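What follows is calculated from the coordinates using simple rules that are stated; it is not laboratory data. Because the structure is predicted, anything quoted here is derived from the model rather than measured. Note that each Cβ is placed from the backbone with ideal geometry, even for glycine, and that neighbours are counted across all protein chains shown.
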Amino acid sequence: MKILIDADSCPKAARDLVIRRAGKQNIKLILAANRAIPCTKDVQMEVCSKDENAADDRIVELAENGDLVITRDVPLAKRLIEKKVNIIDDRGRIFNENNINELLSLRNFKVSLADNGLGIERIASYDKKELKTFADSFDRILTKLNQ
């Protein structure tokens, strides 16, 4: 098993937590992004082109059945579910085959609203509460995958 992070949009606090825990458990960790992100030498950094979805495509290419991916990108999550990959977002929400279609429909609806000038406000904060929720979910899924 390895962990992959869609690092362009993942908050630094969540990335740092995953880097620490993956290191302690000796789990291979790969960050994929359109830019270099500072990380420790034992983390594999995949710097992708600036083309749209380049980092997503690289994550799909590298992810295998049983891996864990951290992303908030719902279309990416849909692609990964088809490969039997485990996915959570940086707020601890688990994506699975039971909820992905509903989440994708909701995401597409919000994009449609935004495209028509009716975008809703985004919550940009990522504080201790969000990090704790993510950490709890991350720990649960790691425990499950290591059994």
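Annotated for the chain: lysine pairs at least 8 residues apart or interchain, Cα distance under 20 Å, count 25. Mean silhouette area of the range 74-147, derived from the convex hull of its C-alpha atoms and averaged over all directions, reads 5.8 nm².
For residue 96 and residue 8, the FRET efficiency from 1/(1 + (r/R0)^6), where r spans their Cβ atoms and R0 equals 30 Å, is about 0.85.
In terms of its C-alpha gyration tensor, the chain comes out rounded, because the ratio a/c of the largest to the smallest axis stays below 1.5.
Stretched out straight at 0.36 nm per residue, the stretch from residue 84 to residue 40 would grow longer than its current Cα-Cα span by 13.0 nm. Close amide H pairs (under 5 Å, H built 1.01 Å from N) link residue 92 with no residue at least 5 positions away or on another chain. Here the Gaussian network model covers the chain, with springs between Cα atoms less than 10 Å apart; of 62, 29, 118, 118 fluctuates the most. If you sort the three axes of the alpha carbon gyration tensor as a ≥ b ≥ c, you get a/c of 1.5 or more for the range 14-66 and a/b no higher than b/c, which makes it oblate.
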